[in-house]
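Trainee: Submitted below is the structure of interest, expressed as structure tokens.
The values are calculated or read from the model by the stated rules, or taken from the named source; none is laboratory data. Computed from a prediction, not measured in an experiment: that's the story for all the values here. Reconstructed Cβ throughout: ideal geometry from the backbone, glycine too, with neighbour counts over all protein chains shown. Protein only, heavy atoms only, side chains kept; ligands, DNA and RNA dropped before computing areas. Shrake-Rupley method; radii C 1.70, N 1.55, O 1.52, S 1.80 Å.
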Amino acid sequence: MGFRPFVYRVARAYGLAGWVLNAEAGVEIYLEGPPDALAAFVTALQREPPPAARVAEVIATPVPPEGLTDFTIRESQRQDRPSVRVSPDLPVCARCLAELFDPADRRHGYPYINCTDCGPRYSIILGLPYDRPRTTMKDWPLCPDCAREYHDPADRRFHAQPVACPRCGPTYMLLSGGMVVARGTAAVAVAARHLSAGRILAIKGIGGYHLACDARQPAAVWALRERKFRKEKPFALMVRDLETARTLVALEPMAERLLTSPARPIVLAPARVFLDGVAPENGDLGVMLPYAPIHYLLFAAGAPAVLVMTSANRSEEPIAYEDADALARLTGIADDFLIGERPIARRVDDSVVRVGLDGPVILRRSRGYAPGAVARLPTARPVLALGADLKNAVTLVVEGQAFVSQHIGDLDQAAAFRAFQETVADLCRMYDVALERLLVVHDRHPEYRSTQYAAELPAEERRAVQHHRAHIASVLAERAALTTPVVGFAGDGTGYGDDGTIWGGEVFTGSLAEGLVRRAYLWPAVLPGGDAAARFPVQAAAGFLAQLPVVPDLTGPPFAFPERFWLALALVQKGVRTFPTTSLGRLFDTVAALVGFTRPITFEGQAAIWLEHLARRSPPVAAYPFPLVGNRLDFRPLLEAVIVDRRRGRDPAEIAWAFHAAVAEAVLTVARWLAEEVGTRVLVLSGGVFQNLLLLSLIRDRLGDRPDLEVWTNREVPPNDGGISLGQAALAVVDTGSASVSPIGGDA
Ligand code: ZN
Ligand code: ZN
Ligand code: FE
């Protein structure tokens, strides 16, 4: 990211001779000059790198001087396999923004302005090393002015691969009713007017299309929901500037840093205003700042200051990124299309982050982060880990560096499964990995599409890793904790267990190197209908409530269970199509159903999120009993207490709080027992349940100021299934032979 020009300028400043090039193992610099100048150079390299660059390591080796007299930038080399990192996409920088709005500048109002410090990377790269002929800008030859900047080492656009201007580069146009009605600046002006008028626009961005409308016009927002088949899942917002963001959400300093960080993610924060239709029954709003020049231009042209900016797709399909596909799929959803001519090489959704207990938590890892390396693993072998079928992302390990792909989606969608296959092929091509040499790692679930895909790949070797061990391993891999003994609590919705049952409340001890042994778990319940019950909290409730010694009478108020509950209960009592489960996620669903969430969910985790937001409205209250009996956490006294309180008319928010507190105490009870037994202080928490910030803070509160346990959660990859592939890769490469990894078709 503008590193070679930076090196050039620093070397010149210190009067050093030599050269710099992008080698496949990283940036290579050869320098000749007096020792103090050489030392000053190294200091500058580490202290003042360009805005978005991160110097991972400087390795200096003395060599005999060759008597060079000048400093030059050499052509990129391509030798074996490129382990050099592909940069994520960057937001437009302050200097380019100044030019964008300077009427005297030749790029005034130009939506594809960029320089070596900013602009697209991953989303335009066709191959490595990163040079213009291997980007989606290859079809736009530079005009003389742009060529001069591109070739001038003193210019800040020196070797800026996507450099362009209104004379030589691509532009934007506005399509309305299938006709191009405006181009360039005029297209932006018309688009801004249409947004103000309440129309829904498809807008091409960096990693795909967005669907946008004025967030303060409920008619537009609800029309978008209807056309997109998106009933309740919150919409992300893009706001004009930080001041506007502050009026919408409560932003702590770290949240502001995330908002303005180079990844420019969607930041979830507590809402300060109510926007009808944007995030129904949710106390948070997801907000992001503009990052592409086109976004700034739209706001400057008078677009509403708060826009819904949601991935352009119907329902849960992958985001549209190719123009023809976008036009085909979004006709009937978008009124108009603001289309940019620069092709997008691959789809990269917006990332979603939040401030957690100890720093940022990534909930969806995509634009701005992907495909950065997140961990180093002790292997020279190429490894491809395929992740889980929900919230899929894959991990490719090349020479020990684990690259995690962008968010792909739910593989039961045909389009998402195609995107998954494309991403695997794309990453392997980019890093020159031959499929035949791969160690392919997949989930143990025999019916996952990713598992079936693994069997079809012409890999050298395949291994299956159990889902919840992968969750715990993802945290250990991030911290390069290969041998640290830990207690790992996986709190999750659904995952295929060693015994073929549905796991999701599992406690392990061990380490990456020794393997993770299951030591404790949730009191077993059943799920009528199996994994499909995840869509219906009342269906899970039937399977959990049936475990009580006396099945309570749940007819009549305050319980208003729909027919589905009674049908499910009948299935459970007859033992028909019911599957054993230890899923903590389904216990959350059960409690949500008991306190009023009796409708089907319309997005993953909805009932648990609803329950968390309900609980946040309560003052702190005492926890329900949730005892450890032998090695099982017995939820039965807990559910009985919930039912008693519901009948007594206790505030549902208090019930929800007492439930969260009970889970927090149960986690610590089992963790303390096992931590002492294996002699560790480290408690690893991962899995979708631990996205719950209230639960985490209740655990933290109970640990107090002098905690006896050190809590490790995910930092680089999501705690949900988006982090599974990293954990799979980590467990598969540490040579164990333990129960945690086994050949495909191995033990059950
Ligand atoms: Zn710039
Ligand atoms: Zn030009
Ligand atoms: Fe999971």
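Trainee: Among the residues that make up the range 478-500, is at least one of them part of a helix (DSSP H, G or I) and either within 22 Å of the chain's Cα centre (by Cα) or in contact (Cβ under 8 Å) with a residue 60 or more places away in the chain (or both)?
Mentor: Looking through the range 478-500, at least one residue is part of a helix (DSSP H, G or I) and either within 22 Å of the chain's Cα centre (by Cα) or in contact (Cβ under 8 Å) with a residue 60 or more places away in the chain (or both).
Trainee: Can you pull out the residues in the range 2-13 that are crowded, with 19+ Cβ neighbours inside 10 Å and at negative phi?
Mentor: F3, R4, P5, F6, V7, Y8, V10, A11
Trainee: Output the strands (runs of 3 or more DSSP E) that fall wholly within the range 339-408 and possess 1 or more residues being more than 16 Å from ligand 2 (Cβ to nearest atom) and either at pLDDT below 95 or under 30 Å from L211 (Cα atoms) (or both), or say none.
Mentor: Ranges flagged: 352-355, 360-364, 373-376, 395-398, 401-404.
Trainee: Got a number for residues in the range 16-60 being in a loop (DSSP other than H, G, I, E, B), open to solvent by 60 Å² or more (accessible area, probe 1.4 Å) and touching a helix residue (DSSP H, G or I) at 6+ places or on another chain (Cβ under 7 Å)?
Mentor: Final tally of qualifying residues: 1.
Trainee: Among (1) in contact with a helix residue (DSSP H, G or I) (Cβ under 6 Å, 6 or more places away or on another chain); (2) within 11 Å of ligand 1 (Cβ to nearest atom), where does A94 come up short?
Mentor: Of (1) in contact with a helix residue (DSSP H, G or I) (Cβ under 6 Å, 6 or more places away or on another chain); (2) within 11 Å of ligand 1 (Cβ to nearest atom), only one is false for A94: (1).
Trainee: Of the residues R586, R599, only one is charged (D, E, K, R) and part of a helix (DSSP H, G or I); which?
Mentor: R586
Trainee: Of the numbered conditions (1) open to solvent by 10 Å² or more (accessible area, probe 1.4 Å); (2) modelled with pLDDT under 95, S740 satisfies every one except a single condition; which is it?
Mentor: Result: S740 fails condition (1) only.
Trainee: To continue, here is another question. What do you reckon, is A154 open to solvent by less than 10 Å² (accessible area, probe 1.4 Å), touching a residue at least 24 places away in the same chain (Cβ under 8 Å) and of a type in the set (A, V, I, L, M)? Reasoning before the result, please.
Mentor: On the way: open to solvent by less than 10 Å² (accessible area, probe 1.4 Å): no; touching a residue at least 24 places away in the same chain (Cβ under 8 Å): yes; of a type in the set (A, V, I, L, M): yes.
Taking the combined requirement at face value, the residue does not satisfy it.
Trainee: Scan the range 653-669 and tell me whether some residue there is open to solvent by 50 Å² or more (accessible area, probe 1.4 Å) and in a loop (DSSP other than H, G, I, E, B).
Mentor: no
Trainee: Let me ask another. State all residues of the range 158-180 that are of a type in the set (A, V, I, L, M, F, W, C) and either open to solvent by less than 30 Å² (accessible area, probe 1.4 Å) or within 12 Å of ligand 2 (Cβ to nearest atom) (or both); if no residue qualifies, say none.
Mentor: F158, A160, V163, A164, C165, C168, L174, L175 - these are the residues of the range 158-180 that are of a type in the set (A, V, I, L, M, F, W, C) and either open to solvent by less than 30 Å² (accessible area, probe 1.4 Å) or within 12 Å of ligand 2 (Cβ to nearest atom) (or both).
Trainee: Name every residue in the range 634-652 that is out of contact with any helix residue (DSSP H, G or I) (no Cβ under 6 Å at 6 or more places or on another chain) and not in a helix (DSSP H, G or I), in order of residue number.
Mentor: D634, G649, R650, D651 - these are the residues of the range 634-652 that are out of contact with any helix residue (DSSP H, G or I) (no Cβ under 6 Å at 6 or more places or on another chain) and not in a helix (DSSP H, G or I).
Trainee: To continue, here is another question. So R437 clears everything in (1) away from ligand 3 (no atom under 16 Å from the Cβ); (2) over 16 Å from the mean Cα position of the chain (by Cα); (3) open to solvent by less than 20 Å² (accessible area, probe 1.4 Å) except one condition, right? Which one?
Mentor: Condition not satisfied by R437: (3).
Trainee: Looking at L457, L439 in this structure, which one is modelled with pLDDT of 95 or more and closer than 30 Å to T135 by Cα?
Mentor: After ruling out the rest, the residue left standing is L439.
Trainee: Output the residues belonging to the range 115-153 that are touching a helix residue (DSSP H, G or I) at 6+ places or on another chain (Cβ under 8 Å), of a type outside the set (D, E) and assigned to a loop (DSSP other than H, G, I, E, B).
Mentor: T116, L126, G127, L128, K138, L142, P153
Trainee: How many of the residues making up the range 697-718 are touching a strand residue (DSSP E or B) at 6+ places or on another chain (Cβ under 8 Å), over 20 Å from S405 (Cα atoms) and either among the basic types (K, R) or not in a loop (DSSP other than H, G, I, E, B) (or both)?
Mentor: The qualifying residues number 6.
Trainee: Okay, moving on. Tell me which residues, restricted to the range 104-157, are within 12 Å of ligand 2 (Cβ to nearest atom) and hydrophobic (A, V, I, L, M, F, W, C).
Mentor: If the condition is that a residue be within 12 Å of ligand 2 (Cβ to nearest atom) and hydrophobic (A, V, I, L, M, F, W, C), then I113, M137, W140, L142, C143, C146, A147 are the ones that fit.
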